[in-house]
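Okay, so here's the structure we're looking at.
The values are calculated or read from the model by the stated rules, or taken from the named source; none is laboratory data. Just so it is clear, the structure is predicted and the values come from calculations on it, not from any experiment. Methodologically, a virtual Cβ is constructed for each residue, glycine included, from the backbone with ideal geometry; neighbour enumeration extends over all protein chains shown.
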Number of protein chains: 2
Amino acid sequence: MAEVLTKRNPAEEIQALQDTIYVIGGKWKLPIINSLCNGNRRFREIQRSIPQITTRMLSKELKEMEMNKIIVRKVYPDSPVLVEYETTPYCKSFGNIIQAMIDWGKEHRKMIKDE
Amino acid sequence: MAEVLTKRNPAEEIQALQDTIYVIGGKWKLPIINSLCNGNRRFREIQRSIPQITTRMLSKELKEMEMNKIIVRKVYPDSPVLVEYETTPYCKSFGNIIQAMIDWGKEHRKMIKDE
């Protein structure tokens, strides 16, 4: 079946792009999601895995992401109390974006080394 | 040939992700690239195509993107002088990221409407 070339709708594209940037924009959200996807669950683990992120910045981002249902915060009433973070199924939908950005970043670094 | 499962390198992934966010992060760079890819070349055309971007913000971003070789600025010595912007081949490498974000944004909007 001939591939139906859907005519691009620039206004719809820009709107979709801005919606996405609104939800996951900024310096830290995607690195945090990637860190969680790589198995880090506790605050210190996540922090150690992301260069230059401060304690204040990480806790602010985690709160926002929890509010936006990108992650869930689980509290285990042990002694001391144990807090862990997990991605939500909704969060997994960022997989393609994160992978495209990782691929670009790796290519970009190779290109700069070859220069 | 069995697919060779490359072991993930979290540190390399976070580095690549942060490199990419450094180059195209922020609210406006990807919408500007998308606008140029949709055929807008002049300042006012680009500005009209991106909701909420101010003249000051657009000119600041265009300067930065020109410096980072993401776009080129062409001046035609007509009267009045004509200035146009074009993407560079390097800029085209963002295609996958932009498409992944547009796809996510469209899905996100559908999901919210269905709620």
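What the table below lists for this structure:
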{"quantity": "Any hit, segment A:24-39, residues being touching a strand residue (DSSP E or B) at 6+ places or on another chain (Cβ under 7 Å), more than 7 Å from chain B (Cβ to nearest Cβ), hydrophobic (A, V, I, L, M, F, W, C) and farther than 20 Å from B:Gln99 by Cα", "calculated": "yes"}
{"quantity": "Among (1) within 9 Å of chain A (Cβ to nearest Cβ); (2) at pLDDT 90 or above, the one test that B:Ile46 misses", "calculated": "(1)"}
{"quantity": "Filter pass, A:Ile70 being more than 11 Å from every other protein chain (Cβ to nearest Cβ), within 17 Å of the chain's Cα centre (by Cα) and within 17 Å of B:Leu17 (Cβ to Cβ)", "calculated": "yes"}
{"quantity": "Filter pass, B:Arg109 being over 12 Å from the mean Cα position of the chain (by Cα), in a helix (DSSP H, G or I) and either crowded, with 17+ Cβ neighbours inside 10 Å or modelled with pLDDT of 95 or more (or both)", "calculated": "no"}
{"quantity": "Hits in segment A:68-96 - residues which are of a type outside the set (S, T, N, Q), in a helix (DSSP H, G or I) and within 21 Å of B:Arg8 (Cβ to Cβ)", "calculated": "A:Pro89, A:Cys91, A:Lys92, A:Gly95"}
{"quantity": "Members of segment B:7-18 that are surrounded by fewer than 19 Cβ atoms within 10 Å (Cβ to Cβ) and either closer than 11 Å to A:Met101 by Cα or of a type in the set (D, E, K, R) (or both)", "calculated": "B:Lys7, B:Arg8, B:Glu12, B:Gln15"}
{"quantity": "Sole residue being within 9 Å of chain A (Cβ to nearest Cβ), among the polar types (S, T, N, Q) and not in a helix (DSSP H, G or I), chosen from B:Gln99, B:Gln15, B:Gln52", "calculated": "B:Gln52"}
{"quantity": "Index of the failed condition, A:Met65 passing every other in (1) away from chain B (no Cβ under 13 Å); (2) assigned to a loop (DSSP other than H, G, I, E, B)", "calculated": "(2)"}
{"quantity": "Scan of segment B:5-59 for residues that are farther than 13 Å from B:Thr87 by Cβ and in contact with a Lys or Arg (Cβ under 7 Å, 6 or more places away or on another chain), ordered by number", "calculated": "B:Ala16, B:Asp19, B:Ile21, B:Gly25"}
{"quantity": "B:Ile98, sole failed condition from (1) touching a helix residue (DSSP H, G or I) at 6+ places or on another chain (Cβ under 6 Å); (2) farther than 25 Å from A:Ile97 by Cα; (3) in contact (Cβ under 8 Å) with a residue 24 or more places away in the chain", "calculated": "(2)"}
